[in-house]
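Any read-out appearing in this document is the output of simple, stated calculations on the displayed coordinates, not a laboratory observation. No experiment lies behind these values; they were computed from the predicted model shown.
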Amino acid sequence: MTTILSLPGVRAGRPIIEGTRITVAEVLEMFASGMTETDILEAFPKLSAAGVRAALVYAATNFDHPVVTA
């Protein structure tokens with residue numbers, strides 16, 4: 001299982017995919033720019049499909065903050 005890590009000395013502590021220096025935000029930006037998972041994996045050979053999924057799960061569980069309105 002691939003893990004998302006935040007290490008103070010790596011990429012300014014932003015969440016990265018274990019074994020890489022690729023941030024969760026970069027994976028999201030690649031998808032947003034129209035890249036497919038296959039495109040991403042071809043562009044970054046050290047990245048695994050499990051790493052891409054871990055980034056998406058991390059984003060879904062950590063960036064979903066409820067909005068409270070009055």
Net lengthening on full extension, S6/L41 (0.36 nm per residue, minus Cα-Cα) | 10.4 nm
Size of the stretch 1-41 along its principal axes in angstrom, Cα-based, largest extent first?
-> 30, 21, 10
Sequence order, the stretch 15-22: Karplus ³J(HN,Hα) from phi using 6.51 cos²θ - 1.76 cosθ + 1.60, θ = phi - 60°, Hz rounded, Gly and Pro as x, gives x, 10, 7, 3, x, 9, 10, 7
Sorted largest first, the Cα spans of the chain on the principal axes come out in Å as 48, 30, 22
In whole Hz, what ³J(HN,Hα) sequence does the stretch 36-43 give by Karplus (6.51, -1.76, 1.60; θ = phi - 60°), x for Gly and Pro?
-> 8, 4, 4, 4, 5, 5, 5, 6
Whole-number percent relative contact order across the chain, with pairs defined as alpha carbons under 8 Å at least 6 apart = 30
Per residue of the chain, what 222 nm ellipticity follows from adding -39500 (n - 2.57) for every DSSP H run with n ≥ 4, rounded to the nearest 500?
-> -12500 deg cm²/dmol
